[in-house]
Amino acid sequence: MNTILLPTDFSESSKNAIRYALDFFKGHTCTFYILNIQKTSEYVTADVRSASPKSSVYDAVLADNKKELSSFVDTFKKDYSSEDYTFHEKVDYDAFVDAINQSISLYSIDLIIMGTNGATSAKEVLFGSNTLQVIRQVDCPVLVIPDNYSYKKIESILFSLHHGDILKKEKLQPLFSLMVKQNQPHINVLDIDDDAVADPNLLENRNLQDSFKGKKHSFHALTGIPTPIAINTFVQLFNISLHTMFVERESFLERFVFGSETSKISYQTRVPLLVLHQ
């Protein structure tokens with residue numbers, strides 16, 4: 001878990017996420033690919049007209065972004081010069097998800113770290129459209145950092161799952177790899193069933209003990225409580241500093257982020273959210 005992709009649009013949200021990443025991996029050898037993606041809708045004819053005749057259209061369109069990215073990354077290089085970090089600046093002109101997927105393939109990315117990415121509509125006020133696209137469409141672990149959230153050592157992790165989901169132990173490896181960087185914090189495994197009546201054998205039937213064997217952990221179960229309320233309450237009561245969840249199907253993602261049809265309560269992440277894919 002040492003090759004990290006950091007998408008940026010030069011916003012405060014993305015700057016904050018990058019600083020979190022650089023603080024998180026202090027003391028470890030890491031390679032960071034800082035990627036700026038210029039959407040096709042941002043194509044400006046004047047950029048091409050002002051370019052040298054020898055320049056390709058692609059180079060002309062991206063020239064300003066490359067300059068801005070270089071200046072942007074220089075700040076981080078100076079601030080973290082004592083760390084064993086390697087920085088690569090990448091600019092692409094493509095659809096956002098396509099550019100992310102291409103980077104993952106080309107550079108063998110282990111983890112994506114990005115901000116909540118702003119808000120452009122009522123449904124996307126919690127996670128911006130780019131962040132949601134990555135969560136839904138990119139098969140790579142994603143660590144989402146809330147706006148204005150500063151890094152602090154992770155001592156307690158929440159791993160939430162929806163009752164009925166099948167847990168695949170091998171898919172937990174990205175979480176375990178991150179735990180090594182934080183001196184093996186405690187994992188609180190929370191099984192949520194916001195519709196059912198309490199089942200006394202809820203956790204035993206999931207064979208979760210094997211998945212977390214050898215890790216500092218405890219099991220919890222909540223039933224009859226809307227998922228967003230269950231998560232928010234648990235995060236505050238147990239002083240959680242990292243929340244982890246699987247996204248196996250969009251229905252749970254919609255319920256988790258925006259609330260179920262019955263509760264209509266939205267989830268606003270208070271702490272960094274690590275999204276894994278089944």
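In region 135-163, the residues that are within 23 Å of Gln278 (Cα to Cα) reach residues that are surrounded by fewer than 20 Cβ atoms within 10 Å (Cβ to Cβ) and charged (D, E, K, R) with C-beta atoms within less than 6 angstrom, at least six apart or across chains, in these pairs: His163/Asp193.
In region 103-129, the residue that is farthest from the chain's Cα centre (by Cα) out of those that are at pLDDT 90 or above and open to solvent by 40 Å² or more (accessible area, probe 1.4 Å) is Leu106.
Taken together, Thr40, Thr45, Thr3 contain a single residue that is touching a Ser or Thr at 6+ places or on another chain (Cβ under 6 Å) and either open to solvent by less than 40 Å² (accessible area, probe 1.4 Å) or at pLDDT below 95 (or both), which is Thr3.
When every residue of region 54-67 is checked against the conditions, none turns out to be under 18 Å from Phe96 (Cα atoms), at pLDDT 70 or above, touching a helix residue (DSSP H, G or I) at 6+ places or on another chain (Cβ under 7 Å) and open to solvent by less than 80 Å² (accessible area, probe 1.4 Å).
Residue by residue, here is whether (1) closer than 21 Å to Tyr20 by Cα; (2) open to solvent by 30 Å² or more (accessible area, probe 1.4 Å); (3) of a type in the set (Ser, Thr, Tyr); (4) modelled with pLDDT of 90 or more holds:
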{"residue": "Gln137", "(1), (2), (3), (4)": "no, yes, no, no"}
{"residue": "Pro141", "(1), (2), (3), (4)": "yes, no, no, yes"}
{"residue": "Ser160", "(1), (2), (3), (4)": "no, no, yes, no"}
{"residue": "His163", "(1), (2), (3), (4)": "no, yes, no, no"}
{"residue": "Leu172", "(1), (2), (3), (4)": "no, no, no, no"}
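Taking region 235-255 as the range and being modelled with pLDDT of 80 or more, within 17 Å of Val189 (Cβ to Cβ) and not β-branched (Val, Ile, Thr) as the test, the residues that pass are Leu237, Phe238, Asn239, Ser241, Leu242, His243, Met245, Phe246. Looking only at residues of region 196-234 that are at pLDDT 60 or above and among the small types (Gly, Ala, Ser), we find that the one that is most open to solvent (accessible area, probe 1.4 Å) is Gly214.
The values are calculated or read from the model by the stated rules, or taken from the named source; none is laboratory data. Predicted model, so just to flag it, every value in this text is computed and none were measured. So basically every Cβ, Gly included, is an ideal-geometry build from the backbone, and we count neighbours across all protein chains shown. Heavy atoms of the whole protein, side chains included, go into the accessibility calculation; ligands, DNA and RNA do not. Shrake-Rupley method; radii C 1.70, N 1.55, O 1.52, S 1.80 Å.
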